[in-house]
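This report concerns only the one structure given below.
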Amino acid sequence: MTFGDTALPPAQRDALRRAKRLEWIGLAYLATCVVVVFAVMGSSQAMKVAWVEDLLSLVPPIVFLVSARLAGRPPSPTHPYGHHRAIGSAHLASAVALFGMGAFLVVDSASGLLAGDHPPIGTYHLFGQTIWAGWPMIAAMVYTGVGPVILGHLKKPLSETLHDKVLFADAEMNSADWRTAGAAIVGILGIGIGWWWADAVAALLIAASIVRDGVQGIGNALRDLMDGEARTHDDQATHPLVNAVLTAARGPAWVGEAGVRVRDQGHLLHAEVFVVPVAPVEVADVEALAATIRDLDWKLHDVVVVPVTRVPGAVRTTPAAS
Amino acid sequence: MVTLTRRFTAAIAVGAVLLAGCTTIPRDPDGTLDRVRATGVLRAGASPGGDLVEVDGDAVSGAEVDLVEGFAASVPARVEWRAGGEEELVAALERGELDIIAGGLTDQSPWADRVALTRPYAAGHVLAVPMGENATLFALESWLDARRP
């Protein structure tokens with residue numbers, strides 16, 4: 001198993017295999033959720049929004065599986081940087097989908113609330129009993145709320161091991177799914193006690209959380225696509241490897257000043273290292289430094305060391321605050 | 001995060017128990033069923049619909065009229081009939097002037113986004129109650145289910 005021409009260390013190979021398995025399990029589970037929720041959703045706006053969210057949460061696993069496959073293609077003269085950007089592009093596409101659908105649902109739910117729509121929830125006739133249709137809805141929400149939390153919990157550490165932001169976004173969405181289910185349950189119980197507006201308010205909350213996921217995702221995906229400095233898998237801080245590369249670049253005795261710029265190509269980092277020699281250097285010295293930096297981490301697959309008379313502006317010459 | 005999850009779950013659990021303890025679910029936002037019980041009057045609209053609802057002056061008859069009379073008796077309440085065209089009755093139902101409509105409606109009715117239709121009681125035929133009056137809908141559907149063979 002590889003990412004482009006980078007062979008994965010055993011830990012990453014294992015994580016990738018487990019992540020793929022989890023995503024397939026997640027897809028199968030979510031498919032059942034989509035069917036179950038559709039079957040019971042009736043006229044509840046909160047259930048409708050929760051259903052759309054279930055549908056949307058099918059996107060990141062598919063994006064992960066497709067982009068993991070694409071990223072495995074080796075680089076070539078026509079794709080000299082490999083196909084790692086597949087991750088960032090897919091990340092952006094799924095974030096835009098979340099944002100667009102979320103915005104639509106906010107408007108849809110708000111207009112129902114403003115119009116004062118009283119959602120009718122009828123009954124089922126089961127085993128000779130007439131039961132209120134709200135109860136099966138709540139049961140369906142419990143079913144769809146429990147599984148993703150477990151899946152998200154299992155996916156999150158793998159996303160760090162693989163430095164995979166799509167997997168991380170997916171895990172985050174899964175982990176937050178209980179809130180969707182909880183809000184929908186409160187909305188339905190609200191209808192049950194005669195608060196017609198509870199359903200629309202719950203729907204608005206869920207829709208707003210979809211929008212927020214979308215906006216965050218768009219911001220993070222764009223930063224990487226715009227070649228921002230590499231950040232951790234959760235986008236919380238500058239990636240620690242940036243400082244490690246800078247420290248390594250200053251290592252050899254022949255290096256005076258040094259500057260680095262490290263960007264995230266998706267799984268893998270691309271580092272350009274500028275060094276000002278203070279003694280005569282051989283090509284072999286430069287290549288040895290590049291090899292040292294590459295050996296810091298499997299993610300550093302593409303490292304270029306450039307001897308220069310002056311470090312260019314706007315590259316990192318001082319360690320990033322951690 | 002874990003504490004928050006637990007608190008949230010606990011809140012839902014406590015809320016559900018309280019709800020189940022203090023009141024019956026579902027309830028009507030506008031209190032239709034409670035009012036029918038309190039006043040003993042079910043205000044019904046009748047719109048001519050085949051042989052299910054026949055209107056002759058002030059007299060209404062037909063299978064659906066019998067259904068509404070039967071349901072009212074179970075509440076218990078008597079029925080005050082008002083005859084009219086479907087659109088007029090739907091508007092009256094929306095304004096809260098009627099509690100139920102019998103008009104030979106089916107589950108394909110175009111009024112479905114303005115009134116709450118029951119499940120078909122037979123061959124696609126339905127009755128209509130005000131939108132979102134879920135206790136009324138529950139009581140009516142329960143009564144319709146109970147008289148099934």
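The values are calculated or read from the model by the stated rules, or taken from the named source; none is laboratory data. What you see is a predicted model, and the numbers here were worked out from it, not measured in a lab. Positions of Cβ are generated from backbone atoms using ideal geometry, with glycine treated the same way; all protein chains shown enter the neighbour counts.
State whether one or more residues within region B:77-91 are within 13 Å of chain A (Cβ to nearest Cβ) and either under 18 Å from A:His125 (Cβ atoms) or of a type in the set (Phe, Trp, Tyr) (or both). No: region B:77-91 contains no residue that is within 13 Å of chain A (Cβ to nearest Cβ) and either under 18 Å from A:His125 (Cβ atoms) or of a type in the set (Phe, Trp, Tyr) (or both). Test A:Gly100 against the stated conditions and say whether it is within 14 Å of another protein chain (Cβ to nearest Cβ) and in contact (Cβ under 8 Å) with a residue 60 or more places away in the chain. Criteria not met by A:Gly100. A residue that is over 21 Å from the mean Cα position of the chain (by Cα), aromatic (Phe, Trp, Tyr) and on the phi < 0 side of the Ramachandran plot occurs somewhere in region A:28-43. Go through (1) at pLDDT 90 or above; (2) of a type outside the set (Gly, Ala, Ser); (3) surrounded by 17 or more Cβ atoms within 10 Å (Cβ to Cβ) and name the single condition A:Val142 misses. Here A:Val142 meets the rest and fails (3). If I ask for residues that are more than 17 Å from B:Leu52 (Cβ to Cβ) and either modelled with pLDDT of 95 or more or within 9 Å of chain A (Cβ to nearest Cβ) (or both), which ones from region B:114-128 would you list? Listed by number, the list holds a single entry, B:Ala116.
Checked against the criterion of being among the hydrophobic types (A, V, I, L, M, F, W, C), surrounded by 17 or more Cβ atoms within 10 Å (Cβ to Cβ), within 14 Å of chain B (Cβ to nearest Cβ) and more than 22 Å from A:Gly42 (Cβ to Cβ), the candidates A:Ala95, A:Ala133, A:Ala171 yield just one match: A:Ala171. Find the residue count for region A:220-269, including only residues that are within 22 Å of A:Phe3 (Cβ to Cβ), in a loop (DSSP other than H, G, I, E, B) and more than 13 Å from the chain's Cα centre (by Cα). Final tally of qualifying residues: 5.
Applying the condition of being in a helix (DSSP H, G or I) and within 12 Å of chain B (Cβ to nearest Cβ) to region A:103-130 and asking which residue is nearest to A:Asp170 (Cα to Cα) yields A:Gly112. Annotation note: of B:Gly40, B:Gly104, the sole residue that is crowded, with 19+ Cβ neighbours inside 10 Å and more than 14 Å from chain A (Cβ to nearest Cβ) is B:Gly104.
Does region A:270-277 include one or more residues that are without any contact (Cβ under 8 Å) to a residue 24 or more places away in the chain and surrounded by fewer than 17 Cβ atoms within 10 Å (Cβ to Cβ)? Before you say what the answer is, go through the steps one by one.
Pass one, region A:270-277, residues without any contact (Cβ under 8 Å) to a residue 24 or more places away in the chain: none.
No.
Among the residues of region A:176-183, are any surrounded by fewer than 18 Cβ atoms within 10 Å (Cβ to Cβ), aromatic (Phe, Trp, Tyr), within 19 Å of A:Cys33 (Cβ to Cβ) and touching a residue at least 12 places away in the same chain (Cβ under 8 Å)? The answer is no, given that none of the residues of region A:176-183 is surrounded by fewer than 18 Cβ atoms within 10 Å (Cβ to Cβ), aromatic (Phe, Trp, Tyr), within 19 Å of A:Cys33 (Cβ to Cβ) and touching a residue at least 12 places away in the same chain (Cβ under 8 Å).
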